[in-house]
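Each remark here refers to the structure printed beneath this line.
Derivation of every value follows stated rules applied to the coordinates shown; laboratory data play no part. Worth saying up front: this structure is predicted, and the values here are computed from it rather than measured. Cβ placement follows ideal geometry from the backbone for every residue including glycine, while neighbour counts extend to all protein chains displayed.
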Amino acid sequence: MQSDLVKAFEAAAAASKTLPSRPDNEALLRLYALYKQATVGDVSGERPGGLDFVGRAKYDAWAGLKGLTRDEAMRDYVGLVEELRHA
């Protein structure tokens, strides 16, 4: 049985694909990092090279959440999607 938090997270993930307007890059990076932290955990692997600007930004955003628990990341993700839906 899934918890209410997991259900809310999955609903927010689906809602993030149908936001009324495209979030700015900062919000997109935060969504990405929170999603990865909630589904995978702490970042692993090597940081992308200097010429991979997008990959490096994603890695850095995710790495900035190191130590955040799965539940905290899910709650923050759901909250951010709600903010963006009503922006």
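Things to note:
- Overall, the ratio between the Cα radius of gyration of the chain and 2.2 N^0.38 Å, rounded to two decimals, is 1.11.
- The modelled label-to-label distance for the pair Ala11/Phe53, using points 7 Å beyond Cα in the direction of Cβ, is 3.8 nm.
- Candidates Thr39, Thr69, Thr18, ranked by Gaussian network fluctuation over the chain, Cα under 10 Å, top entry: Thr18
- Region 8-48: C-alpha gyration tensor shape, a/c 1.5 cut-off, then a/b vs b/c: oblate
- Here r is the Cβ-Cβ distance between Asp60 and Leu19 and R0 is 25 Å; the resulting FRET efficiency, rounded to 0.05, is 0.60.
- Straight-line cross-link reach from Lys58 at under 20 Å between alpha-carbon atoms covers these lysines, not counting any fewer than eight positions away in the same chain: Lys17, Lys36, Lys66.
- Ranking Ala87, Gly41, Ala13 by how far each Cα lies toward the positive end of the dipole of the chain (charges on Cβ) leaves Ala13 at the top.
- Gain upon complete extension [His86, Thr39; 0.36 nm per residue less C-alpha separation]: 14.5 nm
- Hypothetical label at Gln2: residues of region 23-46 whose amide nitrogen lies under 18 Å (7 Å Cα-Cβ projection): 35-41
- Relative contact order, percent, the chain [alpha-carbon distance under 8 Å, six or more residues apart]: 43 percent
- Helical mean residue ellipticity (222 nm; -39500 (n - 2.57) per DSSP H run of 4+; nearest 500) of the chain: -20000 deg cm²/dmol
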